[in-house]
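Bear in mind these aren't lab numbers, they're just calculated from the coordinates by the rules spelled out. In this text the structure is predicted, and so the values were computed from the model without any measurement. Don't worry about glycine lacking a Cβ; one is built from the backbone with ideal geometry, like all the others, and counts go over all protein chains shown.
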Amino acid sequence: MHKVINPNILYFGTPVVLISTQNEDGSSNLAPMSSAWWLNQSCMLGMSSKSQTVQNMLRERECVLNLPSEDLVSAVDRLALFTGKDPVPESKAQRGYRYEPDKFGIAKLTKQPADIVKAMRVRECPVQLEASVEQVHSFELPSSLMAIEVKILKVHVAEELLMDGEQHYIDPEKWKPLIMNFCEYFGLGGKLHPSRLATIFAPPVTDKRH
Ligand SMILES: Cc1cc2nc3c(=O)[nH]c(=O)nc-3n(C[C@H](O)[C@H](O)[C@H](O)COP(=O)(O)O)c2cc1C
């Protein structure tokens with residue numbers, strides 16, 4: 001039997017992303033978010049325009065998408081209920097948000113310069129994607145939400161995530177993304193079934209004896 005319900009959120013489980021951006025004064029901002037999905041070399045991000053992150057992305061037209069693995073869950077949670085926006089927007093203040101200018105510091109994460117964009121990478125994140133803002137779409141009013149399309153310019157990946165003997169293929173058995181599922185933190189379970197789609201993207205079979 002199905003029941004008709006009215007849940008206040010529909011967060012069915014998506015990867016956590018730490019978006020780093022540059023503030024107007026040249027300092028760094030870092031914010032956790034999880035409304036993200038990827039297609040080819042693009043990513044679509046859902047975020048409130050009241051966030052410092054979106055304001056920085058609209059001005060600078062760039063960011064770094066840092067993907068934390070599940071072991072970084074405490075660092076991610078240390079960033080929750082903080083904003084880099086001063087003064088704190090009224091709706092956020094009511095929900096207990098506080099202003100924090102040093103997000104890297106409170107999260108105990110390390111800044112690492114990027115190659116192309118001015119925003120910093122997060123050294124501890126095994127995946128760091130430098131990106132440019134391509135298109136911005138506002139949700140229907142009165143929502144403050146925006147869908148921001150970014151193009152991935154450069155992909156940095158911790159070497160230990162690569163498939164054995166491959167330079168450009170991430171091994172899904174090694175990548176352990178942090179997942180936000182109805183506002184709670186989860187990891188992935190193991191692989192369930194061989195995937196026919198994965199055969200399209202598999203590395204070409206080469207004779208490695210030579
Ligand atoms: C795990 C996690 C996931 C989140 N996902 C989103 C999201 O997808 N979209 C969003 O607008 N805010 C999301 N938030 C809330 C933002 O982090 C919050 O608005 C924060 O204040 C943004 O920081 P900023 O104002 O410095 O940019 C999430 C928070 C946490 C802890």
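With the structure loaded, tell me whether R59 is touching an Asp or Glu at 6+ places or on another chain (Cβ under 8 Å), of a type in the set (K, R) and either without any contact (Cβ under 8 Å) to a residue 60 or more places away in the chain or surrounded by 19 or more Cβ atoms within 10 Å (Cβ to Cβ) (or both) or whether it fails that test.
yes
Strands (runs of 3 or more DSSP E) wholly in segment 118-210 with at least 1 residues that are closer than 23 Å to V76 by Cα and small (G, A, S) - which ones?
127-138, 145-157
Between a residue in segment 1-26 that is farther than 18 Å from A80 by Cβ and any residue that is within 10 Å of the ligand (Cβ to nearest atom) and assigned to a loop (DSSP other than H, G, I, E, B), which pairs come within a Cβ distance under 8 Å, given they are 6 or more apart or on different chains?
N23/G84
List, please: which pairs have Cβ atoms under 8 Å, are six or more places apart or on different chains, and start with a residue in segment 112-136 that is on the phi > 0 side of the Ramachandran plot and in contact (Cβ under 8 Å) with a residue 60 or more places away in the chain and end with one that is of a type in the set (K, R) and not in a loop (DSSP other than H, G, I, E, B)?
none
Sort out which residues of segment 63-116 are among the aliphatic types (A, V, I, L, M), more than 16 Å from the chain's Cα centre (by Cα) and assigned to a helix (DSSP H, G or I), and write them in order of number.
Hits for segment 63-116 are A93, I106.
Quick one: which of I170, I152, I179 is surrounded by 12 or more Cβ atoms within 10 Å (Cβ to Cβ), within 16 Å of the ligand (Cβ to nearest atom) and either within 19 Å of L129 (Cβ to Cβ) or among the polar types (S, T, N, Q) (or both)?
I179
Could you tell me how many of the residues in segment 31-69 are within 7 Å of the ligand (Cβ to nearest atom), among the small types (G, A, S) and in contact with a helix residue (DSSP H, G or I) (Cβ under 8 Å, 6 or more places away or on another chain)?
Final tally of qualifying residues: 2.
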